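Let me begin by presenting the structure, written as structure tokens, before commenting on it.
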Amino acid sequence: MASQNDQNFAEAAMLIRKPTSEVFNSFIDPEITKNFWFTKGSGKLEQGKDITWTWEMYNISVPVHVKLVVPNEKIVIEWQTPVTTVEFYFKTLSSGDTYVTIRHFGFDKTGDELLATIKDSVGGFTTVLDGLKAYLEYGVNLNLILDKYPEEVIHHGN
């Protein structure tokens with residue numbers, strides 16, 4: 001699936017029991033995305049556009065460059081420093097439900113650092129997909145991103 005010939009990638013996937021157009025739009029529209037991922041987005045994902053995603057509870061903002069948007073099929077972004085690529089794939093199943101795959105690659109790490117980065121990415125994107133599923137299927141914001149790194153754990157260790 002990766003557009004680069006890169007074997008060092010992180011991947012997470014999940015069945016979302018909603019139509020593909022609704023699932024796809026959940027990543028495009030920051031007013032929806034903020035219910036399961038970041039808390040604020042500076043704009044909708046549009047090909048060629050630069051936007052900012054913010055996690056206010058962590059005081060972190062990340063620049064995002066939207067490389068490609070194929071409606072209801074694929075989104076490709078570049079983000080972070082150093083820049084990495086994230087591809088979102090949307091597959092409509094015969095049931096009418098959607099299978100989402102997120103692939104993250106382009107890491108500049110090797111060895112144990114690469115393994116730690118991939119592990120962190122898989123965990124993060126799995127959390128995003130779990131939150132998306134809960135929000136779209138059940139209308140519940142589980143606060144997964146906030147609860148993944150509570151302040152007491154971040155500042156005081158495990």
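Nothing in this text is a laboratory measurement; each read-out follows from the coordinates by a stated rule. The model shown is predicted, which means the values in this text are computed figures rather than measured ones. Here the Cβ is made from the backbone with ideal geometry for all residues, glycine too, and neighbour counts use every protein chain on show.
Look at G43 and say whether it is without any contact (Cβ under 8 Å) to a residue 40 or more places away in the chain, assigned to a loop (DSSP other than H, G, I, E, B) and not hydroxyl-bearing (S, T, Y).
So G43 passes the test.
Looking at segment 60-119, which of its residues are touching a Gly at 6+ places or on another chain (Cβ under 6 Å) and either loosely packed, with under 14 Cβ neighbours inside 10 Å or among the basic types (K, R) (or both)?
none
Out of T84, T127, report the one residue that is polar (S, T, N, Q), touching a Lys or Arg at 6+ places or on another chain (Cβ under 8 Å), free of Cβ contacts under 8 Å to residues at least 40 places away in the same chain and under 22 Å from Y58 (Cβ atoms).
Just one listed residue meets the conditions, T127.
Mind listing whichever residues of segment 99-138 are closer than 22 Å to N72 by Cβ and over 12 Å from the mean Cα position of the chain (by Cα)?
Y99, K133, A134, Y135, L136, E137
Return the only residue of W37, W53 being crowded, with 17+ Cβ neighbours inside 10 Å, out of contact with any Cys (no Cβ under 9 Å at 6 or more places or on another chain) and part of a strand (DSSP E or B).
Among W37, W53, only W53 is crowded, with 17+ Cβ neighbours inside 10 Å, out of contact with any Cys (no Cβ under 9 Å at 6 or more places or on another chain) and part of a strand (DSSP E or B).
Give the residues of segment 120-142 that are under 15 Å from T84 (Cα atoms) and loosely packed, with under 13 Cβ neighbours inside 10 Å, sorted by residue number.
Scanning segment 120-142 gives a single hit, D120.
Scan segment 84-98 for residues that are within 22 Å of P30 (Cβ to Cβ) and more than 15 Å from the chain's Cα centre (by Cα) and jot them down.
Selection gives T98 alone.
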